[in-house]
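Here's the structure, in C-alpha cells; my notes come after.
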Amino acid sequence: MTYLTVITINNVTLSKPISGQIASLPNLQELKLFWVTNLQFAPYPANALSPLTQFAILDADISGPIPDLRPYPNLTRVDIKRTALDGSIPAYLGGLTELTAIVLTENRLTGEIPPELGQLPKLSLLALFKNQLTGTIPLELGLSVSLTNLDVSNNQLTGSIPRQLALKSIASQRYSFNRLTGTIPAEYGSMTSLLYLYLTSNRLTGTIPQGIGNLPNLGIFDASDNPLSGCFNATLAKVFYCDVSLTNLCCTPLNPVCNITGYDCKTTC
C-alpha cells in the first residue's frame, strides 16, 4: 500500500504489534494512534527511513520506553500523551532537526531533560508536563533559536531556573509543581516578550524581579506557594491574572487583580 499518506488507528484492540515495515512506506506522512489497547511496535528493518512528519499516540495502552523515532528524520511534530510509557527522553531527538513541536505529556517518563533538545533549530513548543522527570532544567533550552512555549510543570525537577531562559523570546514558560530552588532570574524584569510565567509550588526564594510589573505583554503571573520575601510592587500594568499567595512577600500598593485567587500578601513593607 505504497500510496498511503495517513494512517489513523482509533479505538481498537490490537492482536499483533505494529509492523516495522510501516517505516518503509514511501509516502506516509502521518501516523496517529488513539485509544489503542495492547499497542506495541515490531522492530524496524535495518536502515529504514520514512518521510513521516507527524507521529502521535494518545490515550493508548502502551508501556516501556518511547518507541524508536530514528527512522523518521523528517518529523516535525511528536505527540505522546496519557500513556504508561516510562524510561528517559531519548537524546537522539536533538538530531531530528525538522522538529517544531515535542509534546510528551501525562506519561511516566523519568530521568533528565536532554540538553540536546536545545539544539533543535525549528523547535517552538516543548511540553513535558505531568511526568516524573528529575535533575535540573538544561540551560541549553535557553539557547534555542525558535522556542516560544516551554512547559515542564508537574515533575520533580530541582536546581534553579537558568537565566538563559529569561534572555530569550520564550513567551510562555511553565515551571509549577516542581522542586526548584534559588531566585527568580532578574532578567525576567526586562523580558518584554513574556506572556505567561507560572512558578507556583516550588521552593523559590528572594523577591520578585524589578520590572515584572511593567512588562507590556505579561498576562499571567503566578508565583504562589513559594518562600519568596521582600517588597513587591503589585501595580501590574496589563496582567489579568496574578497570584502571589502563600508567600512571605509584602506588597505596595495592593492590586485588586491579585485578589482572584485569595491574595494574602501584606500591604506594607
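The values are calculated or read from the model by the stated rules, or taken from the named source; none is laboratory data. Everything quoted here is computed from the prediction, not taken from an experiment. As a convention, Cβ positions derive from the backbone with ideal geometry for all residues, glycine included, and neighbour counts pool all protein chains shown.
Can you tell me which of (1) in contact with a Pro (Cβ under 6 Å, 6 or more places away or on another chain); (2) closer than 18 Å to residue 121 by Cα; (3) hydroxyl-bearing (Ser, Thr, Tyr) is the one residue 92 doesn't meet?
(1) is the only condition that residue 92 fails.
Might you let me know whether segment 169-178 holds any residue that is more than 25 Å from residue 249 (Cβ to Cβ), assigned to a loop (DSSP other than H, G, I, E, B) and within 14 Å of the chain's Cα centre (by Cα)?
Within segment 169-178, not a single residue is more than 25 Å from residue 249 (Cβ to Cβ), assigned to a loop (DSSP other than H, G, I, E, B) and within 14 Å of the chain's Cα centre (by Cα).
Pull out all pairs, ordered by first then second residue, where Cβ-Cβ is under 8 Å, the residues are six or more apart or on different chains, the first lies in segment 215-227 and is more than 13 Å from residue 240 (Cα to Cα) and at pLDDT 90 or above, and the second is among the aromatic types (Phe, Trp, Tyr) and in a strand (DSSP E or B).
none
Got a sec? Which strands (runs of 3 or more DSSP E) wholly within segment 1-92 have at least 1 residues that are at pLDDT below 95?
6-10
Quickly run through segment 131-151 and pick out the residues that are out of contact with any helix residue (DSSP H, G or I) (no Cβ under 9 Å at 6 or more places or on another chain) and buried (at least 17 other Cβ atoms within 10 Å of the Cβ).
131, 133, 148, 149, 151
Kindly establish whether residue 17 is surrounded by fewer than 16 Cβ atoms within 10 Å (Cβ to Cβ) and out of contact with any strand residue (DSSP E or B) (no Cβ under 6 Å at 6 or more places or on another chain).
In short, no.
Is it fair to say residue 154 is surrounded by fewer than 21 Cβ atoms within 10 Å (Cβ to Cβ), of a type in the set (S, T, N, Q) and under 24 Å from residue 220 (Cα atoms)?
yes
Criterion first (under 22 Å from residue 144 (Cα atoms) and modelled with pLDDT under 90) does residue 167 satisfy it?
Yes.
Going by what's in this entry, would residue 167 be described as under 27 Å from residue 83 (Cβ atoms) and aliphatic (A, V, I, L, M)?
So residue 167 fails the test.
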